[in-house]
Each structure stands twice: as C-alpha cells, then as structure tokens.
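Since the structure comes first, as structure tokens, the remarks are kept for the end.
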Amino acid sequence: MGTLGKFDIAGRSALVTGAASGIGLAYAEIMAEAGAKVTLADIDRDGAEREAERLRGEGFNARAARHDVADREETKAVFDAHAAVYGGLDICFANAGIDPGAGFWNPEGRRNDDGQVDTFDPARWDRTISINLTGVYNTMRDAVRLMKAGGKGGSIIATASNAGLVSEPIVGMAYMPAKAGVLHMVRHLALELAEFRIRVNAIAPGPFVTNIGGGWLKKDPVARAAWDALVPLGAVAETDQLKPLALLLASDASDYMTGSHVVIDGGMMLGKFR
Ligand SMILES: NC(=O)c1ccc[n+]([C@@H]2O[C@H](COP(=O)([O-])OP(=O)(O)OC[C@H]3O[C@@H](n4cnc5c(N)ncnc54)[C@H](O)[C@@H]3O)[C@@H](O)[C@H]2O)c1
C-alpha cells in the first residue's frame, strides 16, 4: 500500500459520540467524506438525526443514534446497533463532553464566587466527571468489545483537551482532572490493547468555535478577541481544521501511533504571546 493509500478508510465503519455538533460533527463529516459508514451518536437525538440526514443527502452513509455516554446500558445498545447495521466497528471517536461552568477566574480578570474549589457546586463535579471521564470509559469499553470480536484491530480516538495538560483558570475545575484522566486512560489502554492491534490515541484541542458552554465563543466578541490574542497562530480555530488530524488517527496512516496525544492549539500552550 502506498503512503497515500494508508489514508483510505472507504468501507470501514466509525462511531462518533457527541456527533450532533462542533468537533464531533467535524469528525463524523470527515469519516463520511472519506467513505466510512458512520453512526452519529448524541444525547441530542434530533440534532444527530438532522446531521445524519444531511450527510445522507450529500450521498454519504450515515445514521443517527440517541446516546447518553453516561448511561452504560444505553452505550452498549448503541454500539450493538451500530455493529448490527454496519457489520462491526473499525473506528471510534470518544468525543462527547460538556463545559462544567465557570472556573476560579473570569475573562474580566476577577475571581468567580462560584468557581473556587470550596464554592464549586459538587453536583457540577459529579456531572462533568460522569460525562467527560466516565463517559469516555463507557464508550471505549464497548468499542473495545466490538473491535476484539471483529478480530481486525481498530482505532479509538478520544477528544481530550490542552486543559488536560495545563490549567485553564476560566474553565470549571472538574474539567482539568477529567481531561487529564482521559489522556492517561488513553496511554494505559494503548498498552493493554496493542496485542489486539487496537490503537488508542487522543486529540488535545485548544480553542475551537463550537456550541460548548452555550456557544459563547460565537456569541461574545469580547471573549472571542481575548482568546484570539492568546493564540500565536492568530485566532481560535474552526472545527474543519481538525479533520486532517482525525483522518490521520482513524486510518492506517497512523499505524505506528498508539498511546499518543496530539496537541492542536495554534501554539497556545507554548506560552504567553502578546
Ligand atoms: N471547543 C473547544 O474549544 C474544545 C477544546 C478542547 C476540547 N474540547 C472537547 O471537545 C469535545 C466536543 O466538544 P465541542 O466543543 O464540540 O462541544 P459541542 O457542545 O459543540 O458538542 C458536544 C456534543 O456532545 C453532546 N453531548 C453532551 N452531553 C452528552 C452526553 N452525555 N452523551 C452524548 N452526547 C453528549 C452535545 O449534545 C453536543 O452535540 C468535548 O469533549 C470537549 O470537552 C472542546
């Protein structure tokens, strides 16, 4: 197989969690455009249906599933349905995640009353961990079950965050340990699953314009300008900019990568810029 041929995923099947919006939708789009059969799973059933229908209208093979990643029974059913329709599972993006609300610092440069470790509502901690960390475990668990059954290996990609590597003062505190946990789960499972040729990697995005946290990056020009100024490459990113990396990690082009994370943040983590 030539090098460019290694990017070919035509005929494979992919399941993407949190696929009705933002980064997950971009993953689903590139999988479909590259010829994979895709399940768009999301707690937002209508959104997933709408996007799957749009992709089918563009000539691609896509279906939708209602899926709460925090619900283990539903996760099992969603994966089983995917395998029944598409004949197995080759690629899985464990992507669904939420914003936990305000961090200890706000963009105006003051402390948030409800974002300190001693004031942050523990219910926000529980909910964030159940989706952003346990939800990734739930997803990977069933992806691995199907990939082992298929006997052909597979590629699992988790959406972590640069907030799993450095702290983000304006992000609610549960987010950092959840994403750091995802990154270490990726390394651990990569080791466990290498023998089965199941590769496990993570994408660690910086700021991308999505609907997370109510889509504040789209709505608030002051916050948008403040974030743009933090990025050495000049601006927060559009989700299309994640597609080449998603295809790399999903395909045999990354057949010697496992347990890795790729930071994609316009250089933001390199340090203060302006
Ligand atoms: N946007 C960014 O700047 C950024 C940066 C780093 C990491 N991330 C991560 O990217 C992932 C996707 O976020 P996004 O920015 O595209 O947000 P988004 O809100 O645009 O999309 C998230 C999707 O996940 C779905 N979802 C929420 N809870 C769910 C659940 N319990 N089960 C299944 N689906 C659920 C939502 O309905 C939505 O469609 C998250 O894990 C997030 O933490 C985002």
In segment 56-85, residue farthest from the ligand (Cβ to nearest atom) [restricted to those that are out of contact with any strand residue (DSSP E or B) (no Cβ under 6 Å at 6 or more places or on another chain) and closer than 17 Å to A10 by Cα]
G59
Matching residues in segment 36-53 (surrounded by fewer than 20 Cβ atoms within 10 Å (Cβ to Cβ) and either at pLDDT below 95 or more than 7 Å from the ligand (Cβ to nearest atom) (or both)) number 5
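Assess whether A194 counts as being away from the ligand (no atom under 12 Å from the Cβ), touching a Ser or Thr at 6+ places or on another chain (Cβ under 8 Å) and modelled with pLDDT of 95 or more.
Working: away from the ligand (no atom under 12 Å from the Cβ): yes; touching a Ser or Thr at 6+ places or on another chain (Cβ under 8 Å): yes; modelled with pLDDT of 95 or more: yes.
Yes; evaluated as a whole, the condition is true for this residue.
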Checking I212 against (1) within 17 Å of G101 (Cα to Cα); (2) among the β-branched types (V, I, T); (3) more than 14 Å from the chain's Cα centre (by Cα), which single condition isn't satisfied?
(3)
Here the qualifying pairs (Cβ atoms under 9 Å; residues six or more apart or on different chains; first in segment 190-203 and surrounded by fewer than 14 Cβ atoms within 10 Å (Cβ to Cβ); second of a type in the set (A, V, I, L, M) and in a helix (DSSP H, G or I)) come out as E192/V144
Quick check on my filter: what residues within segment 90-110 are assigned to a loop (DSSP other than H, G, I, E, B) and more than 19 Å from D220 (Cα to Cα)?
D90, N95, A96, G97, F104
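For (1) surrounded by 15 or more Cβ atoms within 10 Å (Cβ to Cβ); (2) not aliphatic (A, V, I, L, M), each residue gets a yes or a no:
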| site | (1), (2) |
| --- | --- |
| R66 | yes, yes |
| K76 | no, yes |
| F79 | yes, yes |
| A83 | yes, no |
| N95 | yes, yes |
Looking at segment 200-213, is at least one residue at pLDDT 95 or above, outside any helix (DSSP H, G or I) and more than 13 Å from the ligand (Cβ to nearest atom)?
yes
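Residues in segment 111-124: is at least one farther than 14 Å from G18 by Cβ, surrounded by 15 or more Cβ atoms within 10 Å (Cβ to Cβ), within 13 Å of the ligand (Cβ to nearest atom) and of a type in the set (K, R)? Break it down stepwise before answering.
Going through segment 111-124, the residues farther than 14 Å from G18 by Cβ turn out to be 111-124.
Checking the rest, the ones that are also surrounded by 15 or more Cβ atoms within 10 Å (Cβ to Cβ) come to 112, 115, 120, 124.
Applying the additional criterion that residues be within 13 Å of the ligand (Cβ to nearest atom) yields none.
No, segment 111-124 has no match at all.
Here is a check on your reading of the model: is K148 in a helix (DSSP H, G or I) and more than 16 Å from the ligand (Cβ to nearest atom)? Working first, answer last.
Values: in a helix (DSSP H, G or I): yes; more than 16 Å from the ligand (Cβ to nearest atom): yes.
Here the answer is yes, as K148 does meet what is asked.
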Yes/no for A102 being at pLDDT 95 or above and small (G, A, S)
no
Within segment 215-226, does at least one residue satisfy the condition of being within 21 Å of the chain's Cα centre (by Cα), of a type in the set (D, E, K, R) and at pLDDT below 95?
yes
Is there any pair with a first residue in segment 15-35 that is more than 10 Å from the ligand (Cβ to nearest atom) and a second that is charged (D, E, K, R) whose Cβ atoms are under 6 Å apart and which are 6 or more apart or on different chains, and what are they?
I30/K243
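The values are calculated or read from the model by the stated rules, or taken from the named source; none is laboratory data. Here the structure is a predicted model, which means the values were calculated and not measured. Glycine gets a Cβ as well: all are built from the backbone with ideal geometry, and neighbour counts include every protein chain shown.
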